Structures are given as structure tokens and as C-alpha cells.
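Peer 1: Let me begin by handing over the structure; questions about it come next.
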Amino acid sequence: MSLKGREVVLGVTGGIAVYKSVELVSRLVKAGANVHVIMTKNATEFVTPLTFETMSRNPVVVDTFARPDKWEVEHIALAHRAEIFVIAPATANVMAKMAVGIADDMLTTTVLATKAPILLAPAMNTGMWTAAATKANTATLASRGVHFVGPAGGRLACGDVGAGRMSEPKEILSAIDALLNPLQDFAGLKVMVTAGATRERLDPVRYLTNDSSGKMGFALAEAAAKRGAEVTLVCGAVTAHAPDGIPMVRVESTQDLYDAVTRRAPQMDVVIQAAAPADYRFEQTWPQKLKKADGEPLTLTLVENPDIAAAVGEMKHPGQILVGFAAETQHLLENAQKKLVKKHLDLIVANDVSQPGAGFNVDTNIATLITSGGAVAYPLRTKRQLADDILDTVTKLREEQKI
Ligand code: PMT
């Protein structure tokens, strides 16, 4: 791993895990990074600034309002200088401040001003980590593109057992490396990703749809582009913010999605179908708003839509990898396994969309990745993290199939 000459700003907040941050600085310096440490006042209660100064060989900025002029200049300078902004340990308090944009000290002011990718290594008591407020703040930060490493589970300093331990310095270093030097294992590959919901019109003002926000598909498109792929995003109705710089084909109905995907699929090395197409459409549609029939029941007939993934599976060419999703509320693995086979997929991402933190319109997911070789469960993580896990599996499949 080389971080030679890379500018890393490390925010250190007050928690017993601070001692691990000293080791993190040592590892970063050994990897060649130029490390600038900002400590909160509470952090200095655990370790002195001199320790970090000695390890980083740079002055340490501590939260003090004693020299406001210098402070103002310094926080902007560090915000600009950072190629990555890491906060380790990140307390529940600093995450809460970041979620609402509070900038009341050197660290929170600098992190608010930075345009660099932000990586948080949370460390706190299990109760604090699982508290509704922390969960909401984590989701808010993840939705803005903040990256997370950990927390890990185990025995905490307070004696409790559970999630909340800061990740080990080695893991934090790997996460920093992955963000600064993203893998280029998709360079030269054409990847098509579908995202969002389709809409089946009944009349000009009504339609049949579902809750897909596009978040899962967008995370995949962004991750594949970061890893060097030429990405085409085919996108139905979405509420999430689309990743910048990725060409997007907009569609409305399942038939539109079918047309857009089947036309492009033959040129693709990898097709990932995270969209949630409506399985049915109205048999009859109305060109004008359908009027109420004064108390009479209205019976609408639905007819089946084409199955896009199955059609792409039928036309699959050698050397192509097909990934589908299975959104289930019961018999997750059984149903997903059936779809894997029926749609000629190489990989299916099974998500139980009835679980909190998984499925539609949330920033996290819980999934089992199923291939012909077996199933691997991925516990709760951000959709962006899961996107990388899915792409790692695609790379493995390509290697196994000697593509
Ligand atoms: O967009 P988000 O809010 O982030 O939500 C993410 C998600 C829940 C939509 C995503 O994680 C997910 O599960 N997507 C698949 C939804 C779905 O349609 O699942 P399914 O089990 O009904 O379909 C199985 C596979 O066949 C999917 O890859 C689907 O894209 C595809 N399909 C389904 C119906 C159809 N007519 N044609 C298809 O190609």
C-alpha cells in the first residue's frame, strides 16, 4: 500500500479509543502520508497533542478559541488541503453535530468546510450506537456520501458487550487506502445498472408503482465508475440524487425498461439489475382522467409485464456476468435461488425488504449474495458498502470463469 505524499486530515474526538488513533497515525506515516491531526478538547484529556505531533511530525491543531484569527485561516487551509478527512474515533456527539451542520469547534468547522471524502470510524457505547438518534444521524451522513468503517462488536471499555468498538487501525488504514486508491478492476469494462421503480399508467394522473428510491442502483453505478467501469445507468422513477457524471437513460414503464435494457445488453460485460420493475400493468388505460362511477365498484384488470432479467438471461453471451436482485418478504433464500436459476443469473442479491434497515428507500441494506458456488450473508451496511461487496463478487466470478 502506498499513500506517498497523500494529504490526510485526522480528526480525533474524545473517547478511550484515542490510543488506537496514535497507532493509526504511525501506520499512515509509514505508508507515506502527510498527516494533520485536529484534536477536540475532550480528546486531549486522553492523549496529549505532543504524542500526535511526535507521531505525525506536524503541528497538532487543538480546539481552542484562544486565537480566533489563526483558527479561521487554519480550518479553511486544512479543509482545502485534505485529500481525505478521517475522524477516528468518531463519537456519537461529533456525528450528531455533523448531521445537522453544527460548526462550534475547530474539528466540526473544518469538516463542514471540506470537499474531501469523509471517513468516520465510530466508537461509542452499544446503547449509544443503537440509539434511534445515532441511527438517524448515521443514515443522514451516509446519504450525503460520508463513508464508515466499523464499528466492530465485542467487549467495550465500559464493560458492555456489543457493537461500538472502534475498528482496528489496520482496517481503518485499508478503508483510507480504498478511498484514496480505488481498485481499478473494472477498467475497460462496460457495465449497465438499472435503478428505481417503473410506473404503469392508468390515466394521465394515476399509476401503479413501488417504493424504490434508486439508492441501491445509484450506489452500484457510482462504485463501478470509481473502479474504472464505463457505466450506463437505466433509471425509472427515483427520489434519490443520481451520481454525477454517469450517463443516464430515463424510462417510465416496465416495457420502456425492457426496451432500453435489452437493446443495450449485448454490448455489456456486466449487467446489474437493481431496479424494481412493476410485474403487472393495466390491461386498459385511459387517455383522460378516469371519472368516478358514483358508488359503482371499479374493476381493473392487470396483465403481466415482460421479465427483463429473464430476457437478458436468454440472450446472455459468453464472458458476460449477469447480476439480479431478489426483493422478498418471506422464504428469502429459497425464492432468490429460484430466480437465480430461472433468469440465468450469475449472482443474485437477496434482500428481505421487510427487515428494518433493508430494502426500499433506506441508505442501508442487509443482503445475501448467492451464486452457484454458495451463499454469503452481508449484515447491515450502507448501500455504497454493499455495492463494493457485490462488485468484489463480480470480479471473483470473472476470475473463476477466466473472463
Ligand atoms: O431503490 P432502493 O430504494 O434503494 O431499493 C432497493 C431495492 C429494494 C429496489 C433493491 O435492493 C432490489 O431488491 N431490487 C429488485 C426489486 C425487484 O423487482 O425484485 P424482484 O424479486 O421482484 O425481481 C427479481 C429480479 O428481476 C430483479 O433483478 C428485477 O430487477 C428483475 N425483474 C423483475 C420484474 C420484471 N418484470 N423484470 C425484471 O427484470
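Read the figures in this text as sums done on the coordinates, not as results from a lab. This one's a predicted model, so the numbers in the text were calculated from it and none came from an experiment. Don't worry about glycine lacking a Cβ; one is built from the backbone with ideal geometry, like all the others, and counts go over all protein chains shown.
Peer 1: How would T262, T110 line up from fewest to most surrounding beta-carbon atoms within 10 angstrom?
Peer 2: Result, fewest neighbours first: T262, T110.
Peer 1: While we're on this one: Would you tally the net charge around V149, using a Cβ to Cβ cut-off of less than 13 Å, leaving V149 out, and scoring K and R as +1, D and E as -1?
Peer 2: +1
Peer 1: At 0.36 nm per residue, minus the direct Cα-Cα distance, what do V205 and D392 gain on full extension? Give it in nm, one decimal, please.
Peer 2: 63.1 nm
Peer 1: Within the range 263-319, which GluC sites (Glu not before Pro) sit in a loop by DSSP and count at most 11 neighbouring Cβ atoms inside 10 Å?
Peer 2: When the GluC sites (Glu not before Pro) of the range 263-319 are filtered for loop state and at most 11 Cβ neighbours within 10 Å, E283 remain.
Peer 1: Right, another one. For the chain, what is the percent of antiparallel DSSP beta bridges, rounded to the nearest 5?
Peer 2: Once the DSSP bridges in the chain are tallied, antiparallel ones form about 35 percent.
Peer 1: Could you tell me the relative contact order of the chain? Use alpha-carbon pairs under 8 Å, at least six residues apart, and round to a whole percent.
Peer 2: Computed value for the chain: 11 percent relative contact order.
Peer 1: While we're looking at this one, here's another question. Which whole-Hz couplings ³J(HN,Hα) result when phi for each residue of the range 357-372 is put into the Karplus expression 6.51 cos²θ - 1.76 cosθ + 1.60, θ = phi - 60°, listed in order with x for Gly and Pro?
Peer 2: Once rounded to whole Hz, the list reads x, 10, x, 6, 6, 10, 8, 10, 8, 10, 9, 10, 9, 10, 10, 5.
Peer 1: Sort Y207, Y19 by Cβ crowding within 10 Å, fewest neighbours at the top.
Peer 2: Least to most surrounded, the residues fall as Y19, Y207.
Peer 1: Taking the Cβ of V9 as the center, what net charge do the other residues with Cβ under 9 Å away carry, scoring Lys and Arg +1 and Asp and Glu -1?
Peer 2: Result for the local shell: -1.
Peer 1: Please rank F52, F46, fewest neighbouring Cβ atoms within 10 Å first, as an exposure proxy.
Peer 2: Starting with the residue having the fewest Cβ neighbours, the order is F46, F52.
Peer 1: Further question on the same structure: Over the range 205-350, what is the percentage of antiparallel beta bridges among all DSSP beta bridges, to the nearest 5?
Peer 2: 20
Peer 1: Oh, and also: How far is helix 169-180 tilted off the main Cα axis of the chain, in degrees rounded to 10, range 0 to 90?
Peer 2: 60
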